[in-house]
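A short worksheet on the structure shown next.
None of the figures in this text is laboratory data; all of them are computed from the coordinates on show. Fair warning: this is a prediction, and the values are worked out from it, not measured in the lab. For neighbour counting, all protein chains shown are included, and Cβ atoms are generated from backbone atoms with ideal geometry for every residue, glycine included.
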Amino acid sequence: MRLLVINPNISEDVTALIRSEAERSAAPATELVVRTAGHGVEYIETRLESLIAAGAVAELIAEHAGQVDGVVVAAFGDPGMPALKELADVPVLGITEAALCAAALQGHRFSIIAISDRITAWYRDCVERFGFGSRLASIRSITEALRGIGSVQEDFRPTLVELARLAVAGDGADVVILAGAPLAGLAREVADEIPVPVVDGIGAGIRLAEAVVGLASGPHRAGSFAAPPLKRRTGLSPALDAALDTAQLAAGRAPQGAGSVQ
């Protein structure tokens, strides 16, 4: 099994955290292809930044079309999801949907611990979109300025643990999700300090991607996640244009290349 793991922001230090936790989480036979967005922002906090990141993620999926068995979008908030499922004929999972599903399997109500206050509105939107709004106990977040996105765990570990404990004691959380790639791997280190299960989005994304790929359920050839309808398009990168052609061909929409405008 070969999984493409995409960091939707441009921070290579965050990519290193993602790679490390993904390698710890993956089965021995799983090969990981870890990539960083080619354009975008240092870290994603808002809906607009998520929109910018979605295009970069789509480009990387297109560039690896036919080379991988599944894709993991490794930023909490799942930039571009679920729309990116329309682009590939392999499973595409975001770490938010993976973490939410993992939390829902381990408890009734869950809380999300986030790295900034600004990010919480977007996260709440994501929880609602995936249908888990009624099971969200709370979103608690760091309120201080970050020294650097790659050092959040080092700088705020006690704060993050305390926020998780408050979510359990004050908000009734049965499970805590440590949200965001900058926190990748932290759940392993603090699990003994938090009295409920602690979910890492990267770990959940890798393990659930392996499970869904292993199910071999087949691609979306119809329905709302099938390839976009054939229509005129222009200005796309060659990789993205070709990926759309291939997706439409697989869906039986048109001969390859018929949809693009040169």
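What the table shows:
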quantity	calculated
The stretch 107-200: relative contact order as a whole-number percent, Cα under 8 Å and 6+ apart	35
Separation of alpha-carbon centers, the stretch 145-180 and the stretch 70-121, rounded to whole Å	17
Which of Val175, Ser141, Ala121, positive extreme of dipole for the stretch 107-257 (C-beta unit charges)	Ala121
Computed [θ] at 222 nm, deg cm²/dmol, the chain (DSSP H ≥ 4; -39,500 (n - 2.57); rounded to nearest 500)	-13000 deg cm²/dmol
Overall form of the stretch 107-200 per C-alpha gyration tensor (a/c, 1.5; a/b vs b/c)	oblate
Tail fraction, Cα-Cα pairs, the chain, threshold 25 Å, whole percent	42
Helix 152-171 vs. the chain, principal-axis angle (Cα, 0 to 90°, nearest 10)	70
Using θ = phi - 60° and Karplus 6.51 cos²θ - 1.76 cosθ + 1.60, couplings along the stretch 229-234 (whole Hz; Gly, Pro as x)	x, 5, 6, 5, 8, 8
Global form of the stretch 1-117, assessed from the alpha-carbon gyration tensor, a/c cut-off 1.5	rounded
Check: the stretch 107-200 dipole with +1 on Lys, Arg Cβ and -1 on Asp, Glu Cβ, in debye	260
Charged-residue dipole, Cβ positions (Lys, Arg, Asp, Glu), the chain about Cα centre, Debye nearest 20	800
Fraction of antiparallel bridges per DSSP, the stretch 107-200 only, in percent to nearest 5	0
Peptides ranked, highest mean first, by Cβ atoms within 10 Å: ranges 104-113, 206-215	104-113, 206-215
Helix 238-250 axis, angle to the chain major axis (alpha carbon atoms, nearest 10°)	80
